[in-house]
1. Among what's in the stretch 1-55 and is assigned to a loop (DSSP other than H, G, I, E, B) and open to solvent by 50 Å² or more (accessible area, probe 1.4 Å), pick the residue that is modelled with the highest pLDDT.
2. Identify the residue in the stretch 268-300 that is crowded, with 16+ Cβ neighbours inside 10 Å and of a type in the set (Lys, Arg) and, among all such residues, is farthest from the chain's Cα centre (by Cα).
3. Among the residues of the stretch 87-121, write down those that are open to solvent by less than 20 Å² (accessible area, probe 1.4 Å), farther than 20 Å from Leu157 by Cα and outside any helix (DSSP H, G or I).
4. Residues of the stretch 35-51 being closer than 13 Å to Leu78 by Cβ and either of a type in the set (S, T, N, Q) or in contact with a Lys or Arg (Cβ under 9 Å, 6 or more places away or on another chain) (or both), which ones?
5. Just to be sure I understand, how many residues within the stretch 225-250 are open to solvent by 50 Å² or more (accessible area, probe 1.4 Å) and under 20 Å from the mean Cα position of the chain (by Cα)?
6. Residues that are over 19 Å from Met263 (Cα atoms), open to solvent by 20 Å² or more (accessible area, probe 1.4 Å) and at pLDDT below 90: does the stretch 358-371 have at least one?
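The values are calculated or read from the model by the stated rules, or taken from the named source; none is laboratory data. This is a predicted model, so every value here is computed, not measured. Here the Cβ positions follow ideal geometry from the backbone for every residue, glycine too, while neighbour counts run over all protein chains shown. Please note that ligands, DNA and RNA were not included when accessible areas were found on the heavy atoms of the full protein model with its side chains. Shrake-Rupley method; radii C 1.70, N 1.55, O 1.52, S 1.80 Å.
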Amino acid sequence: METAVPARARAYVVACAVLGAVLCLGPLPSARTPWWAVVLLAALYAGGERVAARRFAGTFRPVLLAGAFLLPPPVAALVALPGALLSRADRPVLLRRVWRAAELMLGVWAAARVHGALGGREAVAASAFPHVLLPAGAAVLTFWLVPAVLDGGILVLAERVPVRRAWRGLFLRSLVPAAVHGLAGLMMAVLWRSPYGPVAALLVLLPMCVSWWVFAQYHQERAAHQATIRALVQAVDIKDEYTRGHSERVGQASVLIARELGMDDERVEVLRFAGILHDVGKLGVPTRLLRKDGPLTPEERRVIELHPEYGHEIVRGIGFLGEARSAILHHHERLDGSGYPYGLVGSQIPDFARVVAVADAFDAMTSTRSYRRARPVRAALEELERCAGAQFDPLMVTALVRALGRYGWHPSVTADEGRSPRVHPPAPPPPVSSRPGAHR
């Protein structure tokens, strides 16, 4: 609802919209403005965005850049207006559409100003390569920088993100798409000014549409992967009701450690899968053992300790999990060789398994279970540090401590507190310092 947006954020959006309107009303050059080109580009952008939203995982922003390369700044900004105002948007719909229109118009206006100031329009008209590249590159950077700056302001005002974090990564994440869209927009502008005319310029969008379709297929495949993960996790949660939600939190803690270690995004995602699925082998453990009242016998404990091998067998054929499979198999190994299932020592334990082991123990200690209350985060971290070197990799423990110091942690209850308490600690109960967070 409109009232859910803070007043200062609404005022910020309105101010940006007013500024965009004022800039579009600015004085035009003495040369006659090609309004037919403005209408054609605006219609192409609006229609293309509607199609892309339904069929592709892309955007028609090369059309906006072509407008910035071909038209004076005030009219170039108008190219973005119909598409932004007709775009799909979440609630509050009107405010979001106005915001999208404002940031795109300001971005296009600024890009056209920079491009024109560096003599870009003359270079495009003359097809003067490589002289067209410098003004075009500066315009593209401006086009992506302006929305990034404006988005950071929205994060501060609407979502109360700290100023020091509001703009972190907003621009860097857009550099590759900016380069690709900028090149396509420049090709459109040069062909538009060539003897081949606007029709040839529009053909530039065909390979872009093919690439967007491929990208959309990738997103569909990724969604299928996520559905597979959710189904497996839900099955585990149904079977072992006392650790419901534990898998997702282990995945989150694993991501915190991975990012602190500087892993690339692809490995971070796979590690998240590893954390979420680390207990999937419990599907092969008899439910009566997972829900048993009272202590476990040594034989029952040995059955439960087979769950990493069961989990590895379950996910063996899921190719996209990659390194996650080794973490599922080895997340109960210990550096001193006393873990299971194979008693690996030190560097024999895969990196992913070392990360998940720390995340798993941390969440087990900081989550309330039916047989004990949660420990404070500080106490859990102290226990992890005490066991670093013997049970846990000190590097992973240190990374978790640093990450939580920066972002914090908010553990949630995983047991059903409305039930009568059940007591089923491990048997025999090992010292806390030797097996922090021991759980089934």
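1. Filtering the stretch 1-55 down to residues assigned to a loop (DSSP other than H, G, I, E, B) leaves 1, 5-6, 25-34.
Still in the list and also open to solvent by 50 Å² or more (accessible area, probe 1.4 Å): 1, 25, 27-32.
Working: Met1: 36, Leu25: 76, Pro27: 66, Leu28: 62, Pro29: 59, Ser30: 54, Ala31: 55, Arg32: 71.
By that ranking, first place goes to Leu25.
2. Just the residues of the stretch 268-300 that are crowded, with 16+ Cβ neighbours inside 10 Å, to begin with: 268-283, 285, 289-290, 292, 296, 300.
Filter once more, so that each one left must be of a type in the set (Lys, Arg): 272, 282, 292.
Details: Arg272: 12, Lys282: 29, Lys292: 39 Å.
The qualifying residue farthest from the chain's Cα centre (by Cα) is Lys292.
3. Scanning the stretch 87-121 gives a single hit, Ser87.
4. Tyr45
5. Of the residues in the stretch 225-250, the ones open to solvent by 50 Å² or more (accessible area, probe 1.4 Å) are 228, 230-231, 234, 238, 244, 248.
Add one more test, that the residue is under 20 Å from the mean Cα position of the chain (by Cα), and what stays is 228, 230, 248.
Summing the residues that are open to solvent by 50 Å² or more (accessible area, probe 1.4 Å) and under 20 Å from the mean Cα position of the chain (by Cα) in the stretch 225-250 gives 3.
6. Within the stretch 358-371, one or more residues are over 19 Å from Met263 (Cα atoms), open to solvent by 20 Å² or more (accessible area, probe 1.4 Å) and at pLDDT below 90.
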